[in-house]
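Structure record follows, encoded as structure tokens.
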Amino acid sequence: MPEIRLTPEEIRYISLFQEVTRANVRDCIIDNENNRIIFLVDSKDMGVAIGKSGINVKKLKKIIGKDIELVAYSDNLEELVKNLMSPARVRSVKVVNTSSKKSVYINIDPQDKGLAIGKNGRNVARAKLILKRYMDIDNVVIV
């Protein structure tokens with residue numbers, strides 16, 4: 001697993017998130033390209049992190065001025081992929097190693113492909129960021 005170093009800005013966002021939600025955050029990724037901040041939260045803390053009717057996410061979005069996305073973290077690759085693609089239904093996850101790259105092929109239920117990819121590929125971009133950071137995966141392919 002690659003070593004993860006947080007920037008001072010990411011540390012500030014994590015501190016703010018924990019102050020607002022009272023949930024433990026595992027990681028924070030700033031995605032300026034898509035004007036969002038992605039927080040990885042332990043699965044057991046997701047409900048607390050979101051808050052009743054999404055109140056915590058709305059509050060953070062108002063304070064920070066960027067979209068806020070939460071992903072339930074898992075050490076298990078398949079679980080993490082399912083969490084990243086949710087609510088799309090993942091049929092299978094396959095990792096393929098070539099000499100220079102590590103790719104993950106995610107088989108999605110055909111009627112959920114658009115949901116999995118997201119508007120302008122936002123969900124795939126999020127999956128790439130997180131899977132590269134945690135599992136050293138270079139490429140994400142939706143099949």
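The values are calculated or read from the model by the stated rules, or taken from the named source; none is laboratory data. Keep in mind it's a predicted model, so treat the numbers as computed, not measured. Cβ coordinates were reconstructed from backbone atoms using ideal geometry, including for glycine residues, and neighbour counts include every protein chain displayed. The area values use the complete protein model at the heavy-atom level, side chains included, leaving out ligands, DNA and RNA. Shrake-Rupley method; radii C 1.70, N 1.55, O 1.52, S 1.80 Å.
Which percent, to the nearest 5, of DSSP beta bridges fully inside region 77-142 are antiparallel?
Antiparallel bridges make up about 65 percent of those DSSP assigns within region 77-142.
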Problem set entry | Calculated FRET value between residue 67 and residue 89, using beta carbons and R₀ = 41 Å, to 0.05 | 0.95
Problem set entry | Nearest-ten-degree value, helix 55-64 long axis tilted from longest Cα axis of the chain | 80
For this session: Give the carbon-plus-sulfur fraction of the accessible surface of region 8-73 in %, rounded to a whole number; probe 1.4 Å, heavy atoms of protein chains only.
Result: 50
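Find how much the distance from residue 18 to residue 101 grows on full extension, using 0.36 nm per residue of separation minus their present alpha carbon separation; answer in nm with one decimal.
Gain on extension, residue 18 to residue 101, equals 26.3 nm.
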Exercise. In the chain, what percentage of the DSSP-assigned beta bridges are antiparallel, given to the nearest 5?
Worked result: 55
Exercise. Under 16 Å Cα-Cα from residue 58, which lysines qualify once same-chain neighbours fewer than 8 residues away are excluded?
Worked result: 66
Exercise. Straight-line reach from residue 128: which lysines have a Cα under 19 Å away, not including same-chain ones fewer than 8 places off?
Worked result: 82, 94, 101, 102, 113, 119
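Mind ranking 112-119, 133-140, 97-104 by how tightly packed they are, going by the mean number of other C-beta atoms within 10 angstrom, highest first?
Details: 112-119: 14.6, 133-140: 16.2, 97-104: 11.2.
Order by mean packing, descending: 133-140, 112-119, 97-104.
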Seminar exercise, completed: If amide H atoms are modeled at 1.01 Å from N in the peptide plane, then the residues at a separation of 5 or more from residue 73, or on another chain, having amide H under 5 Å from its own are 41, 42, 43
